[in-house]
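Q: Here it is: the structure, laid out below.
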Amino acid sequence: MDLIIKNGHIVDPSQGIDFIGCVHIKNGLIIRIEKAVSAVMPEITPPEITKVIDASGLYIFPGLFDMHTHLREPGFEYKETIKSGTRAAVRGGFTSVCCMPNTKPVNDNETVTEFIVKKSLSEGFCNVFPIGAITKRQEGSELAEMGMMKDAGCVAFSDDGRPVGDSLLMRRALEYSKVFSSPIISHAEDLSLSNDGVMNEGYLSTTLGLRGIPAASEVIAIKRDIELAALTGGRLHIAHVSTAGGVRAIREAKRDGIAVTAETCPHYFHLTEAEAVGYNTAAKVNPPLRTIKDVEAVRQGLIDGTIDVIATDHAPHHRDDKICEFDGAAFGISGLETAFSLSFALVKEGVLPLNELIEKMTIRPSQILKLNKGTLKDGADADIVIVDLNKDFIIDPEQFVSKGKNTPFGGRRLSGLPVMTLCKGMVKYHFNNSIIMDGI
Ligand code: DOR
Ligand code: ZN
């Protein structure tokens with residue numbers, strides 16, 4: 001079965017492509033990209049052989065790749081399931097997500113990994129790559145069976161949601177990361193400094209009477225893990241960077257040739273701690289929203305390449321976990337359905353060129369995880385998103401297909417709407433039948 005997406009503006013940083021053209025797909029794979037407007041007309045192409053999607057006026061990118069998602073299944077299906085989370089992913093333009101292991105039970109063995117892989121294949125709307133726990137039950141005391149999980153399909157290891165407090169265990173994990181050539185993803189936090197804090201520590205936390213998490217909690221943990229990466233030669237990836245000090249430490253480490261990569265999330269380059277005013281639990285997230293200086297530093301890190309990846313840290317929660325006092329509310333923001341347009345705002349503001357933004361949301365995360373995704377190269381799976389960059393809309397969490405409606409971005413006017421998402425050449429999401437398709 002052939003499929004042609006014609007006349008769209010194709011941007012594929014993995015091949016330096018940035019032109020108007022057509023993507024040819026056969027049996028779910030990309031077979032060719034052609035520059036210039038195609039002469040292919042549905043009436044001269046037998047419809048039973050070729051389907052044509054007209055992407056005139058639209059952009060075509062490799063399907064977005066989120067290396068940091070919480071799908072909540074098994075165990076927290078009331079917050080999200082593999083089905084609802086991957087549906088949210090394709091609505092947001094993502095064709096691949098990596099799911100963090102803080103489920104119930106924790107994904108710390110091959111049985112849980114296999115469950116996630118199987119369920120994703122049968123119910124998922126997109127590719128799901130599990131991330132295994134570094135330590136058993138994410139308790140930080142004993143290494144999990146990383147080798148078995150790798151064989152079952154895990155692409156990286158992390159205790160995300162919690163740091164690995166024990167430096168020797170982190171050292172061992174980084175040593176193993178070399179054997180498995182899978183990165184260790186650090187949730188960089190010094191829990192003793194966080195001290196059960198619920199927002200950024202500063203003047204504002206004092207005036208609100210809330211316990212603060214100092215920036216140092218993140219910076220110290222990042223610096224420790226960088227030292228351990230230098231010691232071991234292991235592959236370190238820093239999750240959700242939120243502080244100026246963290247960006248600085250990663251920049252220096254990269255300059256020193258240490259194998260470290262990093263991600264941030266849209267809330268860290270758009271929002272500050274001020275969102276917590278009024279005890280707005282939608283803005284409670286870990287690491288917490290910081291100061292305007294941190295926001296500027298995170299943006300600078302994106303510009304100069306210190307921060308390789310934009311991930312969502314999609315952390316869906318049930319209403320009941322958020323409609324409560326700030327101290328008791330769950331940490332997290334539901335991010336899959338807003339990440340692209342929030343990130344595209346950086347292009348509109350002149351912070352990043354479009355191709356660099358797409359690189360950070362496609363090929364970079366895929367490279368870090370050594371996967372053949374995030375590209376429109378010949379022979380790759382036809383994982384594609386078609387986006388209307390001119391479409392303005394207002395974020396309405398009630399329209400989310402994720403079970404988690406928890407976002408501090410509700411009501412924000414944005415542009416850049418994913419209008420069609422294809423996985424392996426199959427249409428998995430289509431906004432309002434907005435694109436004309438012939439033969440489908
Ligand atoms: O805000 C957060 N939510 N940060 C984390 O580290 C974990 C996540 C979750 O699982 O809800
Ligand atoms: Zn997370």
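Q: Tell me, please, whether a residue that is of a type in the set (S, T, N, Q), closer than 22 Å to ALA156 by Cβ and part of a helix (DSSP H, G or I) can be found in the range 283-298.
A: no
Q: Looking only at residues in the range 124-157 that are closer than 20 Å to LEU64 by Cβ and outside any loop (DSSP other than H, G, I, E, B), which one is most open to solvent (accessible area, probe 1.4 Å)?
A: Filtering the range 124-157 for residues that are closer than 20 Å to LEU64 by Cβ and outside any loop (DSSP other than H, G, I, E, B), the one most open to solvent (accessible area, probe 1.4 Å) comes out as PHE129.
Q: When you go through (1) within 24 Å of GLY305 (Cα to Cα); (2) open to solvent by 10 Å² or more (accessible area, probe 1.4 Å) one by one for LEU191, which number turns out not to apply?
A: Here LEU191 meets the rest and fails (1).
Q: Something else about it: Is it the case, given these coordinates, that ASP166 is closer than 30 Å to ALA230 by Cβ, surrounded by fewer than 21 Cβ atoms within 10 Å (Cβ to Cβ) and in contact (Cβ under 8 Å) with a residue 24 or more places away in the chain?
A: When the stated conditions are applied, ASP166 passes them.
Q: List pairs: first residue in the range 304-318 and of a type in the set (S, T, N, Q), second residue away from ligand 2 (no atom under 16 Å from the Cβ) anywhere in the structure, Cβ distance under 6 angstrom, at least six positions apart or on different chains.
A: These pairs meet every condition: THR306/VAL247; THR306/ILE250; THR306/ARG251.
Q: On to the next question. Which count do you get for residues in the range 208-244 that are in contact with a Leu (Cβ under 6 Å, 6 or more places away or on another chain), open to solvent by less than 10 Å² (accessible area, probe 1.4 Å) and of a type in the set (A, V, I, L, M, F, W, C)?
A: Result for the range 208-244: 1.
Q: Please determine, by comparing only the residues of the range 158-181 that are farther than 14 Å from ARG137 by Cβ and in contact with a Phe, Trp or Tyr (Cβ under 9 Å, 6 or more places away or on another chain), which one is modelled with the highest pLDDT.
A: Looking at the filtered set, the residue picked out is ALA173.
Q: Let me ask something else about it. Assuming GLU263 fulfils every condition listed in (1) closer than 17 Å to SER343 by Cβ; (2) within 16 Å of ligand 2 (Cβ to nearest atom); (3) open to solvent by 20 Å² or more (accessible area, probe 1.4 Å) apart from one, which condition is it?
A: (3)
Q: Any chance you could count how many residues in the range 290-314 are surrounded by 24 or more Cβ atoms within 10 Å (Cβ to Cβ) and under 16 Å from GLY202 (Cβ atoms)?
A: Residues that pass the stated criteria total 3.
Q: Might you check whether a residue that is surrounded by fewer than 24 Cβ atoms within 10 Å (Cβ to Cβ) and within 16 Å of ligand 2 (Cβ to nearest atom) occurs anywhere in the range 350-360?
A: no
Q: Considering the range 384-437 alone, what residues qualify as being modelled with pLDDT under 95 and surrounded by 18 or more Cβ atoms within 10 Å (Cβ to Cβ)?
A: Within the range 384-437, just ILE435 meets the criteria.
Q: Pick out the one residue from THR86, THR95, THR111 that is away from ligand 1 (no atom under 15 Å from the Cβ) and open to solvent by 50 Å² or more (accessible area, probe 1.4 Å).
A: Matching residue, one of THR86, THR95, THR111: THR111.
Q: Restricting the search to the range 170-179, which residues are of a type outside the set (Val, Ile, Thr) and either touching an Asp or Glu at 6+ places or on another chain (Cβ under 7 Å) or open to solvent by 20 Å² or more (accessible area, probe 1.4 Å) (or both)?
A: Matches in the range 170-179: MET170, ARG171, ARG172, GLU175, TYR176, LYS178.
Q: Can you name the number of the only condition in (1) at positive phi; (2) of a type outside the set (Asp, Glu); (3) within 16 Å of ligand 1 (Cβ to nearest atom) that ALA221 fails?
A: ALA221 satisfies all of (1) at positive phi; (2) of a type outside the set (Asp, Glu); (3) within 16 Å of ligand 1 (Cβ to nearest atom) except (1).
The values are calculated or read from the model by the stated rules, or taken from the named source; none is laboratory data. Small disclaimer: the values here were computed from a predicted structure and weren't measured. Positions of Cβ are generated from backbone atoms using ideal geometry, with glycine treated the same way; all protein chains shown enter the neighbour counts. Quick note on the areas: whole protein, heavy atoms, side chains included, nothing else; ligands and nucleic acids left out. Shrake-Rupley method; radii C 1.70, N 1.55, O 1.52, S 1.80 Å.
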